[in-house]
Amino acid sequence: NAGVTQTPKFRVLKTGQSMTLLCAQDMNHEYMYWYRQDPGMGLRLIHYSVGEGTTAKGEVPDGYNVSRLKKQNFLLGLESAAPSQTSVYFCASIDRPHPNYGYTFGSGTRLTVV
Amino acid sequence: EDQVTQSPEALRLQEGESSSLNCSYTVSGLRGLFWYRQDPGKGPEFLFTLYSAGEEKEKERLKATLTKKESFLHITAPKPEDSATYLCAVQARNSGNTPLVFGKGTRLSVIA
């Protein structure tokens, strides 16, 4: 049982290049989330999904797109990368609200845009 | 707008020196308040959920408490392995599974 797996773990992009970050979970969770974490800013929500085929915008969605074609996968796309998108990206998932557990997070993708 | 403020930003303790971390929040109806631990280079790891004022939860040397405006994470006789960043998050009571709003965290260092 791997939990939440993010690929790649590290990536360096040039300004203007595009890429897709993949989040895969094997827990049959309904809800999935993409956050970015920057020094001094904490975790900020980019986009999220409440089920297969659904997506919604979070706090900082500009410059990103997402897709949830399969329940287990949540993709985050950068169409034209900018230095301001240099960050650590975390994916998280949860099945339903429960008092004894919270989101399960992946180990993150460290992205540098030069 | 839901907001979470954590203090202090950083805390340095001697091994065995007990202390508390603070999380103050404003939210349009609290569904739950969450505490996470994050080690360097890793994703956050769930610790506790608190749902109502007066509720307390414990795990080893950690105890989380909740009032109507803030939560405290009490660390009793900490050890070096408790060094990490502790994150607080709130979930508003809206329909569906509203995403968590996180604070910026408290970076805890426990010195042997």
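The values are calculated or read from the model by the stated rules, or taken from the named source; none is laboratory data. These numbers come from a predicted model, not from an experiment. So basically every Cβ, Gly included, is an ideal-geometry build from the backbone, and we count neighbours across all protein chains shown. The accessibility values were calculated without ligands, DNA or RNA, using every heavy atom of the protein model including side chains. Shrake-Rupley method; radii C 1.70, N 1.55, O 1.52, S 1.80 Å.
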So which chymotrypsin sites (Phe, Trp or Tyr not before Pro) in the stretch B:1-54 end up in coil per DSSP with only 11 or fewer other C-beta atoms within 10 Å? none
Each residue of the stretch B:12-27 in turn: what ³J(HN,Hα) in whole Hz from Karplus with 6.51, -1.76, 1.60 and θ = phi - 60°, glycine and Pro shown as x? 10, 10, 7, 3, x, 8, 6, 7, 9, 9, 10, 9, 9, 9, 10, 8
For the protein assembly as shown, what Kirkwood radius comes out of the mean inverse Cα-Cα distance, in Å? 18.1 Å
Which GluC sites (Glu not before Pro) does the stretch B:11-112 hold that lie in a coil by DSSP with at most 16 other beta carbons within 10 Å? B:GLU15, B:GLU17, B:GLU55, B:GLU60
Karplus-derived 3J(HN,Hα), 6.51/-1.76/1.60, for each residue of the stretch B:51-57, Hz, glycine and proline x: 10, 9, 4, x, 6, 9, 9
Are there trypsin sites (Lys or Arg not before Pro) in the stretch A:37-69 that DSSP puts in a loop and that have at most 10 other Cβ atoms within 10 Å, and which ones? none
For the stretch A:12-102, what is the convex hull (Cα atoms) projected area averaged across all directions, in square nanometres? 6.3 nm²
Per residue accessible area in Å² of the protein assembly as shown, where ligands, DNA and RNA are left out and the probe is 1.4 Å: 48 Å²
Interface residues of the stretch A:7-44, defined as losing at least 50 Å² of accessible area versus the chain alone with a 1.4 Å probe, are A:LEU43
Take the alpha-carbon centre of the stretch B:28-95, take the same for the stretch A:65-114, and report the distance between them in whole Å. 22 Å
Taking all protein chains as present, what is the carbon and sulfur share of the accessible area of chain A, in % to the nearest whole number, probe 1.4 Å? 52 percent
Efficiency of FRET from Cβ geometry, B:GLU70 and B:GLU17, R₀ 30 Å, rounded to 0.05: 0.85
